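Remarks on the structure that follows.
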Amino acid sequence: MALKQRSVFSQILASVLVNAIYAMQNYPIMFINTLLSPISILIVIVFVSHGALIGIGIEGALIMTAVMSGVSIQGDLSHLKNDLKLQDMVVTSPTSAPVYVAGMGLSEIVFSIPVLILLTILAAIYIHPTAIQALTIIAVMALMFLFSTALGFFLSTLTTDVLQSWGFSGIVTVLLSTIPPVYYPITYIPLPFRYIAYISPTTYAAQIAQASMNYIAIDPIALFVDWVIVILVCIVLLVVGYRKARWREP
Amino acid sequence: MLSSNNRKEGIRMDGLTVKKISKTYDGKKYALRDVTLSFPEKGILAIIGRNGAGKTTLIRILSTELMPTKGSAMINGIDVIADPVKARNLMAIVPQEARAIPWMNPRQQVLSYLLYRGFPYNEASSRASAALKSLGLEENAKKLSRMLSGGTKRKILVATVLASEAKIIFLDEPTTGLDPISRKELWELLNKLKNDYLIVLTTHYLEEAEYLADKIVIIEDGRLVAEGSMEELRKRAGQEYSVRVMDATNIKLPKGVRASKIEKGYQILTNQKEAFALSNMLMKKKMKFSTNPVSLEDLFYYFAKRSINEDTEESGEGEWH
């Protein structure tokens with residue numbers, strides 16, 4: 001029987017079910033895994049700063065969650081492609097590459113919903129953002145998610161084995177969200193090393209988020225430059241990811 | 001069925017037509033060389049060959065996963081190379097080494113695949129249940145795949161593609177690693193399905209291809225070396241019978257008859273007339289022997305010219321008795 005019309009919604013839902021809902025439903029340990037990294041660093045920052053950095057720390061945890069969600073796509077795509085051969089089955093189906101990647105990206109967000117809910121509650125209690133401030137943080141998170149998803153997708157095309165892939169994602173997560181000043185102001189880093197922090201796009205994203213809540217003072221031109229850099233990096237990686245996408249192998 | 005324009009070019013409108021497909025890597029290493037074949041709309045086409053012969057490369061090109069270096073392939077009148085999006089509406093694949101997803105149960109596996117094919121959720125759900133029921137997987141439908149046997153997992157993957165609307169199914173080594181009973185069960189299933197589907201399968205089990213296939217394609221070193229039904233292959237080889245002489249270390253054969261050494265004896269592939277004459281001769285000499293129709297294994301060795309080492313062949317000098 002031929003299908004009259006194929007549903008793109010169904011195709012996206014398939015990825016969300018495979019990569020998030022069924023995984024969480026059947027392996028509840030995955031909940032703890034998603035909560036652990038952002039929350040554990042937040043707790044350390046709050047303890048070390050005697051509570052002074054709780055606001056910045058929560059913002060940092062939100063940015064880290066967005067980055068981790070995006071980067072996770074690399075390991076997941078690699079596992080589903082190389083170990084389980086699901087991607088081969090999907091390639092030979094009516095699902096297109098952009099729909100598959102969009103579904104996988106959405107699945108990573110769904111996977112992060114528990115930690116996002118927890119952080120949103122903490123933000124409501126300790127940060128009290130206005131609607132514009134909340135929108136700014138959400139925009140920064142969305143850009144970081146897109147950037148890291150494109151990066152993760154790009155890296156997944158370079159790896160042929162899931163172990164290699166997990167190695168990559170571990171390094172990328174640390175380089176993007178643990179070492180850069182995401183959980184604390186950049187001024188905490190001594191000057192010669194501060195320039196190194198500017199290599200990571202998450203530094204600019206964190207500055208925007210911290211400035212939006214007036215945790216740090218930054219002049220409007222520098223803030224504008226931060227936005228431009230974050231958006232540009234995001235566009236560049238999306239283009240690279242799109243070009244590297246190999247749905248049908250050459 | 002051939003349309004008038006396509007009839008001239010030999011392109012089938014209701015099945016598979018492959019014309020001069022080649023695949024090279026780095027412009028040098030050939031994975032496939034000028035493979036040409038055709039197959040009707042329904043039935044089982046088996047592709048056999050040694051490891052690295054090019055079976056999987058061919059199946060990946062036909063299933064739109066891999067671009068060929070040159071050549072064309074049509075399925076039901078759709079150009080697989082130029083219009084993969086359209087072709088994908090017709091086809092489904094169970095790749096070599098595909099595994100049932102361990103954190104999902106069979107129902108979830110089938111359901112999610114149908115969603116990937118664009119079925120609305122409710123329809124996907126009812127189709128998934130029906131497919132699992134028809135393959136006798138109902139009682140395992142809600143057990144996690146990692147808890148099921150290898151045979152059941154393989155069946156789940158077959159159920160996954162059969163639940164869809166695809167009528168062209170690619171199965172890359174579907175029974176590898178299965179125990180003989182599970183393999184036989186899958187054979188019975190495929191045998192039932194061949195009246196409704198075009199199934200292209202690769203296999204290392206020659207008895208599987210012999211049992212299931214309507215047409216067998218032998219690929220050796222990227223080249224198609226033979227194709228046809230068992231009967232056609234036997235005729236093409238001109239060797240319809242296999243005479244095995246046992247417990248013989250030295251045998252004087254009639255002139256022109258070539259034998260290959262096998263364990264504890266010789267094997268002679270020949271036509272019906274010669275097989276009869278040879279059997280008579282061996283009977284008179286009271287030698288232990290067996291005469292059987294040539295198997296696919298015999299033909300595979302014959303066409304692939306590998307396992308029968310030319311050096312071990314012995315040609316008879318004597319006369320027919």
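One table, with the values for the structure above:
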read-out: Residue in the range A:133-152 that is farthest from A:ASN19 (Cα to Cα), counting only those that are in contact (Cβ under 8 Å) with a residue 12 or more places away in the chain and more than 13 Å from the chain's Cα centre (by Cα); value: A:GLN133
read-out: Candidate set from the range A:24-52 (those that are at the interface with another protein chain (Cβ under 10 Å from one of its Cβ atoms) and within 19 Å of the chain's Cα centre (by Cα)); member that is nearest to B:SER164 (Cα to Cα); value: A:MET24
read-out: Single condition A:THR202 does not satisfy, out of (1) modelled with pLDDT under 90; (2) within 28 Å of A:ILE39 (Cα to Cα); value: (1)
read-out: Residues located in the range B:140-185, provided they are in a loop (DSSP other than H, G, I, E, B), at negative phi and among the small types (Gly, Ala, Ser); value: B:ALA141, B:SER149, B:ALA163, B:SER164, B:ALA166
read-out: Close pairs (7 angstrom Cβ cut-off, 6 or more residues apart or separate chains): closer than 21 Å to B:THR17 by Cα and touching a residue at least 60 places away in the same chain (Cβ under 8 Å) in the range B:221-245, part of a strand (DSSP E or B) and charged (D, E, K, R) anywhere; value: B:GLY222/B:ARG33; B:ARG223/B:ARG33; B:GLU227/B:LYS215
read-out: The range B:66-88: number of residues that are surrounded by fewer than 22 Cβ atoms within 10 Å (Cβ to Cβ) and either on the phi < 0 side of the Ramachandran plot or outside the structural domain of B:PRO174 (by TED's automatic domain parsing) (or both); value: 13
read-out: Contacts under 9 angstrom Cβ, first residue in the range A:85-114 being more than 13 Å from chain B (Cβ to nearest Cβ) and without any contact (Cβ under 8 Å) to a residue 60 or more places away in the chain, partner surrounded by fewer than 24 Cβ atoms within 10 Å (Cβ to Cβ) and polar (S, T, N, Q), 6 or more apart; value: A:ILE113/A:THR34
read-out: Matching residues in the range B:191-204 - criterion: being surrounded by 19 or more Cβ atoms within 10 Å (Cβ to Cβ) and either over 12 Å from the mean Cα position of the chain (by Cα) or assigned to a loop (DSSP other than H, G, I, E, B) (or both); value: B:TYR197, B:LEU198
read-out: Set B:GLU123, B:GLU65: member being closer than 22 Å to A:MET104 by Cα and among the acidic types (Asp, Glu); value: B:GLU65
read-out: Within the range A:159-250, helices (runs of 4 or more DSSP H) holding 3 or more residues that are exposed (fewer than 12 other Cβ atoms within 10 Å of the Cβ), among the hydrophobic types (A, V, I, L, M, F, W, C) and away from chain B (no Cβ under 14 Å); value: A:220-244
read-out: Exclusive hit being more than 28 Å from A:GLN25 (Cβ to Cβ) and more than 14 Å from chain B (Cβ to nearest Cβ), set A:LEU118, A:LEU135; value: A:LEU135
read-out: Any pair with Cβ under 8 angstrom, 6 or more apart, that starts in the range B:290-313 at a residue that is assigned to a strand (DSSP E or B) and ends at one that is modelled with pLDDT of 80 or more and hydroxyl-bearing (Ser, Thr, Tyr); value: B:THR291/B:TYR241; B:THR291/B:SER242; B:THR291/B:SER279; B:ASN292/B:TYR241; B:ASN292/B:SER242; B:PRO293/B:TYR241; B:PRO293/B:SER242
read-out: In the range B:209-252, the residues that are more than 14 Å from B:LEU296 (Cα to Cα), modelled with pLDDT of 90 or more and either surrounded by fewer than 16 Cβ atoms within 10 Å (Cβ to Cβ) or in contact with a Lys or Arg (Cβ under 6 Å, 6 or more places away or on another chain) (or both); value: B:GLY222, B:ARG223
read-out: Residue list for the range A:1-23, restricted to those being more than 7 Å from chain B (Cβ to nearest Cβ) and either free of Cβ contacts under 8 Å to residues at least 12 places away in the same chain or touching a His at 6+ places or on another chain (Cβ under 8 Å) (or both); value: A:LYS4, A:GLN5, A:PHE9
read-out: Conditions (1) in contact (Cβ under 8 Å) with a residue 60 or more places away in the chain; (2) away from chain A (no Cβ under 14 Å); (3) part of a loop (DSSP other than H, G, I, E, B); number of the one not met by B:ASP34; value: (3)
read-out: Residues of the range A:95-136 satisfying the condition of being of a type in the set (Gly, Ala, Ser) and either farther than 27 Å from A:LEU53 by Cβ or surrounded by fewer than 18 Cβ atoms within 10 Å (Cβ to Cβ) (or both); value: A:SER96, A:ALA97, A:ALA102, A:GLY103, A:GLY105, A:SER107, A:ALA124, A:ALA131, A:ALA134
read-out: Any chance A:ILE39 is touching a Leu at 6+ places or on another chain (Cβ under 8 Å), on the phi < 0 side of the Ramachandran plot and surrounded by fewer than 21 Cβ atoms within 10 Å (Cβ to Cβ); value: yes
read-out: Yes/no for B:ARG146 being surrounded by fewer than 24 Cβ atoms within 10 Å (Cβ to Cβ), more than 9 Å from chain A (Cβ to nearest Cβ) and closer than 23 Å to A:ILE12 by Cβ; value: no
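The values are calculated or read from the model by the stated rules, or taken from the named source; none is laboratory data. In this text the structure is predicted, and so the values were computed from the model without any measurement. With ideal geometry, Cβ positions are generated from the backbone for all residues, glycine too; neighbour counts draw on all protein chains shown.
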